[in-house]
1. So, in region 27-36, how many residues would count as being of a type in the set (D, E, K, R) and in contact with a helix residue (DSSP H, G or I) (Cβ under 7 Å, 6 or more places away or on another chain)?
2. Identify, by number, the condition in (1) part of a helix (DSSP H, G or I); (2) surrounded by 14 or more Cβ atoms within 10 Å (Cβ to Cβ) that D87 doesn't meet.
3. Does region 77-90 hold any residues that are over 9 Å from the mean Cα position of the chain (by Cα) and either farther than 25 Å from A55 by Cα or among the hydrophobic types (A, V, I, L, M, F, W, C) (or both), and which are they?
4. Being more than 23 Å from A205 (Cα to Cα) and not charged (D, E, K, R) narrows it down to one of V119, V103, V93, so name that one.
5. Within region 144-167, track down each residue that is more than 17 Å from V93 (Cβ to Cβ) and crowded, with 16+ Cβ neighbours inside 10 Å.
6. Only one of (1) exposed (fewer than 13 other Cβ atoms within 10 Å of the Cβ); (2) outside the structural domain of L208 (by TED's automatic domain parsing); (3) assigned to a loop (DSSP other than H, G, I, E, B) fails for T102. Which number is that?
7. Looking at (1) outside the structural domain of G167 (by TED's automatic domain parsing); (2) part of a helix (DSSP H, G or I); (3) farther than 27 Å from R24 by Cα, find the lone condition where T41 falls short.
Amino acid sequence: MDSAGWAYAVTVPRAIADVQTPGRRRRSEGKKAAILDAAETLFITEGYERTSVDAVAARAQVSKRTVYDHFGDKETVFLRVLERVSDALVSTVRAAIDEELTVGRDLREALTAFGHRIVNQTFPSSDYVAFRRLVSQQRSVPRLPETVRDRPERMLEDRFAGLAATGEIRAPDPRLAARHFTALTISLALEMVADQRQQAEAAEAAELSAIITDGVDAFLRAYR
């Protein structure tokens, strides 16, 4: 057999072995999801440093080798969990922008509804608040790239650019306007929720509502 024949004889079985059947692919994806679910719970309850790959594997009911095969190391597992939390926030923000900040709606009403929707749909999930606190308090915790973290703000920037183009707000710099709006409303509400959860207290809905309403009024005084 010539060298080409040997190459064929060697490589074909390997290629066949590497092909994943639909059933095998589903099982693989199921294991990945189980690992991320387990890791998310452990990172929230135990923190980043105290969570081990062994603990993640045990909770996900897979082998430690399986965790490494899918993700490589604990840092990558954490970043993939952060991406899931971030993706959920992006979906919420996108829907809120499209459905609340609509053309022709009273601007104060629209901005207030938008702020309330983000607070009511995002903050009740302990995941977002817990991971934000975890990342902000521990320097050793891996962080997503800024381009990923800033996706919600960039979407709001785009909508504010549209509002500026139609004369509804005066915003020569839509990105700065988006940052100011976020700082006056959502960020303040988030800080209150995070602080109160840390003290095992429940954030009052009336307090959150007041933060959003007052923040919207302050924003409009500056940008109208």
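The values are calculated or read from the model by the stated rules, or taken from the named source; none is laboratory data. Because the structure is predicted, anything quoted here is derived from the model rather than measured. Neighbour counts are summed over all protein chains in view; Cβ atoms, including those assigned to glycine, are modelled from backbone coordinates with ideal geometry.
1. The qualifying residues number 2.
2. With (1) part of a helix (DSSP H, G or I); (2) surrounded by 14 or more Cβ atoms within 10 Å (Cβ to Cβ) applied to D87, the lone miss is (2).
3. Of everything in region 77-90, those that are over 9 Å from the mean Cα position of the chain (by Cα) and either farther than 25 Å from A55 by Cα or among the hydrophobic types (A, V, I, L, M, F, W, C) (or both) turn out to be V77, F78, L79.
4. Exactly one of V119, V103, V93 is more than 23 Å from A205 (Cα to Cα) and not charged (D, E, K, R), namely V103.
5. The one that is more than 17 Å from V93 (Cβ to Cβ) and crowded, with 16+ Cβ neighbours inside 10 Å: A164.
6. With (1) exposed (fewer than 13 other Cβ atoms within 10 Å of the Cβ); (2) outside the structural domain of L208 (by TED's automatic domain parsing); (3) assigned to a loop (DSSP other than H, G, I, E, B) applied to T102, the lone miss is (2).
7. (3)
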